[in-house]
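Asker: Please see the structure below; I have some questions.
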There are 2 protein chains.
Amino acid sequence: MSDERGPGSPFDDVVDGLRREGLLEPPPSAAGPGAGESHEGTGRVQLTFEPAGRTFRVPPGVSVFDAASWNGIAIDSTCGGHGTCRKCLVRVSSGSAPVTRHDRRTFSEDQIADGWRLACLVRATHDLGLEVPPLVTRPKASTVGVGRQVILRPGVQKRYVELTDPTLADQRTDLQRLRDAVDDLTLNPDLHALRRLPTVLRQSDFKVTAVTVDEVLIDVEPGDTTGSRHAIAYDLGTTTVVATLLDLETGTPVAVASMLNKQQPFGGDVITRISATMMDPDALGRLTQLARQTLSELAQEVLDEGGISPQSVYEVALAGNATMTALLLGIDPEPLGVAPFIQVSADWPVLHASDLGIDVHPGARATIFPALGAYVGGDIVAGMLASGLDRDKRVRLFIDVGTNCEIALSDGERIVTTAAPAGPAFEGGAIRCGMRAADGAIEVITLNAGASGDDEAVTLGVIGDAEPRGICGSGLVDAVAELVRVGLLDESGRLISDEAAAASVPALAGRLATVGDGERVFILHRPTPDAPTVECVYLSQRDVRELQFAKAAISTGWTLLLEELGVSPRDVQQVLLAGSFGSYLSPSSAVRIGLVPKLPVLRIVSAGNVAGEGAKMVLLSARERAGADAMLAEVAYIELSDRPDFNDRFIDQLAFPV
Amino acid sequence: MSDERGPGSPFDDVVDGLRREGLLEPPPSAAGPGAGESHEGTGRVQLTFEPAGRTFRVPPGVSVFDAASWNGIAIDSTCGGHGTCRKCLVRVSSGSAPVTRHDRRTFSEDQIADGWRLACLVRATHDLGLEVPPLVTRPKASTVGVGRQVILRPGVQKRYVELTDPTLADQRTDLQRLRDAVDDLTLNPDLHALRRLPTVLRQSDFKVTAVTVDEVLIDVEPGDTTGSRHAIAYDLGTTTVVATLLDLETGTPVAVASMLNKQQPFGGDVITRISATMMDPDALGRLTQLARQTLSELAQEVLDEGGISPQSVYEVALAGNATMTALLLGIDPEPLGVAPFIQVSADWPVLHASDLGIDVHPGARATIFPALGAYVGGDIVAGMLASGLDRDKRVRLFIDVGTNCEIALSDGERIVTTAAPAGPAFEGGAIRCGMRAADGAIEVITLNAGASGDDEAVTLGVIGDAEPRGICGSGLVDAVAELVRVGLLDESGRLISDEAAAASVPALAGRLATVGDGERVFILHRPTPDAPTVECVYLSQRDVRELQFAKAAISTGWTLLLEELGVSPRDVQQVLLAGSFGSYLSPSSAVRIGLVPKLPVLRIVSAGNVAGEGAKMVLLSARERAGADAMLAEVAYIELSDRPDFNDRFIDQLAFPV
């Protein structure tokens, strides 16, 4: 693969950081000619890595090591690109790179003349060809998200040092002594670390481990504790909250736990919870408390399961929608719930785990995903990060299906996003026999119009292999798609008459009925002489309408995004179905009802819990966190409700595709 | 006055800040020729202000407005140099300055050609002559410290803004809306401010006042509250704690309160309190709690007296010695108390008032003065700042007299400092009839060898005009100095024999006596037939020895500092006596016993409570705070106990000067 799209603004953040630290020259325009040759006027330079044969365009000034690890090219390193381990050997095969004093200590004269350099010290100021030797040490990397390979570089770092004792001739402060010994990290202590420092140093004979999160020294621990570094990633859903305890040394999950969001009693969706705060002045405080309890109990659970001390969890990351995030932080969510749908802020200051009620290390930091809009929240940014939507040349559509449906489209250069009000149908709300995806919910439905008997004509997949009690979102989509396929539902979404059914689909005609209030229904499951007490589970005409409204809102959303980027539906190379509902959806059913563009089903991929994956990624790599922050500037948000043509388009999308 | 010493590193901090923000070019060496002409190879440029006729050398890149205000040259301004008020008019009479778009909006073509510019936008990149017009608005300035004129530029800033309502077409976040309206300040919100933002904006019709401390947005307040900005300055002494409530709008103190440090029960000096923490594991917690209570009650007191709401106090500053600071912050002070006397850190992270137990605005920041050594603490840095030791061409000696005596010497270019272990004599400790400076303490003593009677030969000044009960530190110095003057004490510090006294000083000979254990004493006050019940107050031979030890330690200290800078004692142009004891000392007595160099008494100045003044200064001006921080890098600390010649020099200094 050549000429891949290089990473975008995630690097820009790094570059800005380097500039601020004076480690990098100003941008070409400011520094004048010669400071860095930009490539094809894009302000990028081109790096080609051999033997991988991959080429990336990167912002000038980024280190070759960073550029490689960002793109999944493994270069040997134990210090993670800090210039200390001297393991990240590369040969500059075309172009040139200045020789640093570290290079002189690492390589012979001949090797230097031959182009060998330390990759973390080579700045990409012009196009370079680079040879990467085979790995000696195994780089620490982890596969997370949608096949994303993340090279481990957590914000949490530890360094074990053995310090000399102070004397009257060497009265450096404890902090200075530590700083002088840890030369590859910045140590800005917090108050807790300062309280611990003198005591721990003297109790452990000045042999200690410094613990930092980004540039903050949050603790000093007696002896060598470098082997123990943990973090917790949270996916704070409106319904379900998931916590994953990560070992930052290995990048692997140690334990996972999930539970219902304890805010449930205030309502199942964001709007009912926002409403609660508008009607009861105490509700916000209660909701905040419940969210904190949820996170705290989950932390306890994964720590117990992993046998890990809370004191060794130094960072948490949280992805949640804008309302869940506001409620957790004690911020009035009302402006999110009423037009014009305003967030207090798109991103969040540096917080502590204790600000979220999570009882881990007292200095532990909390990273909360930024949001692109009131209805394209941190969970979606996390999902886009986990699915690599921001670095892929393919045209990809990301759909998080739910009460509020978030949609993002990337054409490989730009990303646009919107939110579509799908309503509660997917959660089983407003559906006669609707229920959550729990035991007894019908989640898969297959109709066989050629069956010999009524019983064989309907095959149900039921969660927990239990007696069917209701129908969940994916079952609803399946049912409607199957009814359309066999012809019991017409294009406009109307259940056909008994007579027409008897004529065209005799095997299933007996399932059609008219219930008490005259509404037409299709019976999925009913009492039999063998099982006379089971509940009757059916799909009603009104249920079909609910789903039509939901799918019309969603398809209106992606239709507008496709238009925005000038992309035809058939050019979409991949559709990622995300979220707890989207991940269970049958791709063929989604295509059949028009929830997604009419594409080969292989292009429609279940992305899983991408929000949680995104939260894990930012803990495993500070670079990924920069990538998430960069999306704020890069991704354009389009407000559907502000479009005068929304209603017309919505009505156009109500019908099922033929 | 011409060619005054320009401000030193306080500016360097500012310059660094500007560089980081990209507002300023790199230093000349990095930017190449032409970026800034340095002056006489010092890396400084020279600014001459007319009609004041004053010249300063400043680091290149600083704004003319800053350079002027730093040096007490008042230039009109209402925005404080933020580039918004367009009032800081100056004419560049020699040298040249680029024309900015703000200049074009402010001046006519002719005026620009004539050299008129906005002073806050002119960077001093080469030597300039500048004409400052007479003031139109009165600049807000305040006289604090030892005659220091501080131009008001508090870290606490407020801006009243009227925002437009959000719409579907303008979905900027609340924070972005506020940021766009407050264009002259950086607003990094804390969590509390984010919690308040959506509610306050909507409750007050989007008319709010943003409150920032440095670059942190700590609150938004409904309506226009710009008139109300307060801060509290603390002098956290081992004995006495003083709080001053400041009105940051006017720079004036609103209320002052003081009380004994509630840690007193743990011992009167730092060593006894450190010892307490070494013997009792609970003592540190108790001491921290008592310090917090002291600060908290004082805050309540000044707020009550000033009729000011705690919510309008947005910053506090605190100057204390290293031990008091450590105890307040809950940091083990043991390493400060035992050789080699190590601090945990010289400076402190950004803290909140709540970290110090002070109940004011929840987002209020706390600035704690940095320390130069375990025994040259934040109180001394504050004192040096308040006395302007870091910007004066004169040779000045600063002595904070106490149990531990801190000494600093500036030769107008460099500053060196040390700590001398004077012992408890000045606090009345180890003195037979010693007492604190409280009612009944003899503080002034005059002996009249020519008096006709014993009673008239001794004149006592007693605190509170009460019956004498004891002798305080200044009385001790006075007594010894007077005894030396009249000849009752010889040069070696021995009280002469009764016979010799009867011969040479008959009027006072009757005051000499030998007490129970054979020790010689000089009686200052005794029972008379008229007042038979009063206590006998006397000075003993051992008391004289205690004072000799104390003064020898101090004079050894300043002798070594004078040698360090190659300055002769008679070249010292000013001696500043600081601290609660030093300020009450009689300059002539101090000279007579050799506590200070032998100089005309007019050169010996009582500096008052300079620590408290320094704390006020950093609240009134963020520039002054930068100055305090800069001292860490600028001032050299010399450890006396590490000098092999200390004991010999100490013995040399025991005698009284002849």
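Asker: Could you give each residue of region B:461-472 its phi-based ³J(HN,Hα) in whole Hz, using Karplus coefficients 6.51, -1.76, 1.60 with θ = phi - 60°, and x for Gly or Pro?
Answerer: Those phi angles translate into x, 10, 5, x, 6, 9, 5, x, 10, x, 10, 9 Hz.
Asker: One-quarter of the Cα convex hull surface for region A:441-537, in nm²?
Answerer: Computed as one quarter of the Cα hull surface, the answer is 6.5 nm².
Asker: Here's another thing I want to ask about it. Could you check how much of the accessible area of region B:439-540 is carbon and sulfur, as a whole percent, using a 1.4 Å probe?
Answerer: Details: 2180 of 4400 Å².
Carbon and sulfur together cover 49 percent of it.
Asker: When the solvent-accessible surface of protein heavy atoms is calculated with a 1.4 angstrom probe, in what order do B:LYS87, B:LYS598 fall, highest first? Present the calculation step by step, with values, prior to reporting the outcome.
Answerer: Numbers: B:LYS87 80, B:LYS598 140 Å².
So, going from the largest accessible area down, we get B:LYS598, B:LYS87.
Asker: Any idea what the dipole of chain B comes to, in debye rounded to 20, about its Cα centre with Lys/Arg Cβ at +1 and Asp/Glu Cβ at -1? Don't skip to the end; give the middle numbers.
Answerer: Values: 58 positive and 87 negative charges, 215 e Å.
Roughly 1040 debye for chain B.
Asker: Any idea of the accessible area per residue across region A:156-222, 1.4 Å probe, to the nearest Å²? Intermediate values should be presented prior to the final figure.
Answerer: Numbers: 2550 Å² over 67 residues.
Accessible surface, normalised per residue, equals 38 Å².
Asker: How far apart, in nm, are two points set 7 Å out from the Cα along the Cα-to-Cβ line at A:SER568 and at A:ARG394?
Answerer: Using points 7 Å along Cα→Cβ, the separation is 2.0 nm.
Asker: Follow-up. Please get the size of the charge dipole for region A:257-368, origin at its Cα centre, with Cβ charges of +1 on Lys and Arg and -1 on Asp and Glu, quoted in debye to the nearest 20.
Answerer: On the way: 5 positive and 13 negative charges, 24 e Å.
Rounded to the nearest 20 debye, it is 120 debye.
Asker: Shortest first and in nm to one decimal, what separations exist between A:ALA466 and its copies in the other chains, measuring from label points 7 Å along the Cα-to-beta-carbon line?
Answerer: Distances between equivalent label points, in nm: 8.3.
Asker: Hey, can you find the accessible area per residue of region B:439-540 for me, probe 1.4 Å, expressed in square angstrom?
Answerer: On the way: 4400 Å² over 102 residues.
Ligands and nucleic acids excluded, the figure is 43 Å² per residue.
Asker: Report Rg (one decimal) and Dmax (nearest whole number) for the protein assembly as shown, counting Cα atoms only, units Å.
Answerer: Considering the protein assembly as shown through its Cα atoms, Rg and Dmax are 38.3, 146 Å.
Asker: Take each uninterrupted DSSP H stretch in chain A, measure its Cα extent along the helix axis, and return the ones at 24 Å or beyond whose mean Kyte-Doolittle hydropathy is at least -1.0.
Answerer: Numbers: long enough: A:283-306 (34 Å, -0.17); A:541-565 (36 Å, -0.06).
What comes out of the filter, once short or polar helices are dropped, is A:283-306, A:541-565.
Asker: Ok, one more. Can you tell me the dipole magnitude for the protein assembly as shown around its Cα centre, using point charges on the Cβ only (Lys, Arg +1; Asp, Glu -1), in Debye to the nearest 20? Show your work: numbers first, answer last.
Answerer: Working: 116 positive and 174 negative charges, 302 e Å.
In total the dipole reaches around 1440 debye.
Asker: While we're here: At 7 angstrom along the Cα-to-beta-carbon line, where would the label on B:SER354 sit relative to the other copies? Give the distances in nm, shortest first.
Answerer: 1.0
Asker: Sticking with this structure for a sec: Can you list residues from other chains, or at least 5 along the same chain, whose modelled amide H is less than 5 Å from the amide H of A:LEU524?
Answerer: For A:LEU524, whose amide H was placed from the backbone, the distant partners under 5 Å are A:VAL537, A:TYR538, A:LEU539.
Asker: Would you mind counting up the charge near B:PRO340? Only other residues with Cβ under 11 Å from its Cβ, with Lys and Arg at +1 and Asp and Glu at -1. Walk me through the numbers before you get to the answer.
Answerer: Details: positive: A:ARG172; negative: A:ASP165, A:ASP170, B:GLU639, B:ASP642.
Net of charged neighbours comes to -3.
Asker: Taking a ≥ b ≥ c as the square roots of the eigenvalues of the Cα gyration tensor of region B:603-658, is the shape rounded (a/c under 1.5), prolate (a/b larger than b/c) or oblate?
Answerer: Values: a/c = 4.37, a/b = 1.84, b/c = 2.38.
Cα axes put region B:603-658 in the oblate bin.
Asker: Taking a 22 Å limit on the Cα-Cα distance, which of the listed pairs A:LYS393/A:LYS551; B:LYS87/B:LYS158; B:LYS551/B:LYS598; B:LYS158/B:LYS207 fall beyond it? Walk me through the numbers on the way to the answer.
Answerer: Values: A:LYS393/A:LYS551 28 Å; B:LYS87/B:LYS158 19 Å; B:LYS551/B:LYS598 13 Å; B:LYS158/B:LYS207 13 Å.
Beyond 22 Å: A:LYS393/A:LYS551.
Asker: Here is a follow-up. For the interface of A with B, what's the total buried accessible surface in square angstrom, probe 1.4 angstrom, rounded to the nearest hundred? Working shown, then result.
Answerer: Values: alone 26670 and 26670 Å², together 50110 Å².
Counting both chains, the buried surface is close to 3200 Å².
Asker: Moving on to the next point. If I take every Cα pair under 8 Å that is 6 or more residues apart in chain A, average their sequence separation and divide by the length, what percent do I get for the relative contact order?
Answerer: Answer for chain A is 12 percent.
Asker: Now for a different question. Do any trypsin sites (Lys or Arg not before Pro) in region A:427-509 lie in a DSSP loop with no more than 16 other beta carbon atoms within 10 Å, and if so, which? Working shown, then result.
Answerer: Working: sites: A:ARG432, A:ARG436, A:ARG469, A:ARG485, A:ARG494; in loops: A:ARG432, A:ARG436, A:ARG469, A:ARG494.
Loop-located and lightly packed - A:ARG494.
Asker: Nm distances between the label at B:ALA438 and the same-position labels in the remaining copies, 7 Å along Cα→Cβ, shortest first?
Answerer: 7.1
Asker: When averaged across all projection directions, what area in nm² does the alpha-carbon convex hull of region A:257-368 cover? Mind dumping the intermediate values first?
Answerer: On the way: hull surface 27.6 nm².
Projected area, direction-averaged: 6.9 nm².
Asker: Wrap a convex hull around the Cα atoms of chain A, take a quarter of its surface area, and give that in square nanometres.
Answerer: Working: hull surface 139.6 nm².
Answer in nm², one decimal: 34.9.
Asker: Out of the total accessible area of region A:257-368 (probe 1.4 Å, heavy atoms of protein only), what percent is carbon and sulfur?
Answerer: Carbon-and-sulfur percentage of accessible area, whole number: 52.
Asker: Work from the charge dipole of region A:402-470 (Cβ charges, +1 for Lys and Arg, -1 for Asp and Glu, about the Cα centre) and give the residue of A:PRO421, A:ILE463, A:GLY440 farthest towards its positive end.
Answerer: A:PRO421
Asker: Another question about this same structure. Obtain the nm distance between the two label points defined at A:SER504 and A:GLN149 by a simple spin-label model: each point lies 7 Å from its Cα along the Cα-to-C-beta direction.
Answerer: 5.2
Asker: Separate question: Which percentage, to the nearest 5, of the DSSP beta bridges contained in chain A is antiparallel? If you can, show how the numbers build up before the last one.
Answerer: On the way: 74 of 108 bridges.
Bridges in chain A that DSSP calls antiparallel: roughly 70 percent.
Asker: Right, here's the next one. So what's the net charge close to B:LEU298: Lys and Arg +1, Asp and Glu -1, counting the other residues with Cβ under 13 Å from its Cβ?
Answerer: Details: positive: B:LYS262, B:ARG292; negative: B:ASP235, B:GLU297, B:GLU301, B:ASP304, B:GLU305, B:ASP359.
For residues surrounding B:LEU298, the net value is -4.
Asker: Just for the protein assembly as shown, what percent of DSSP beta bridges are antiparallel, to the closest 5?
Answerer: Numbers: 148 of 216 bridges.
Beta bridges within the protein assembly as shown, antiparallel portion: roughly 70 percent.
The values are calculated or read from the model by the stated rules, or taken from the named source; none is laboratory data. Worth saying up front: this structure is predicted, and the values here are computed from it rather than measured. Neighbour counts run over all protein chains shown; Cβ positions are idealised from the backbone, glycine included. Only protein heavy atoms, including side chains, enter the accessible area calculation; ligands, DNA and RNA are left aside. Shrake-Rupley method; radii C 1.70, N 1.55, O 1.52, S 1.80 Å.
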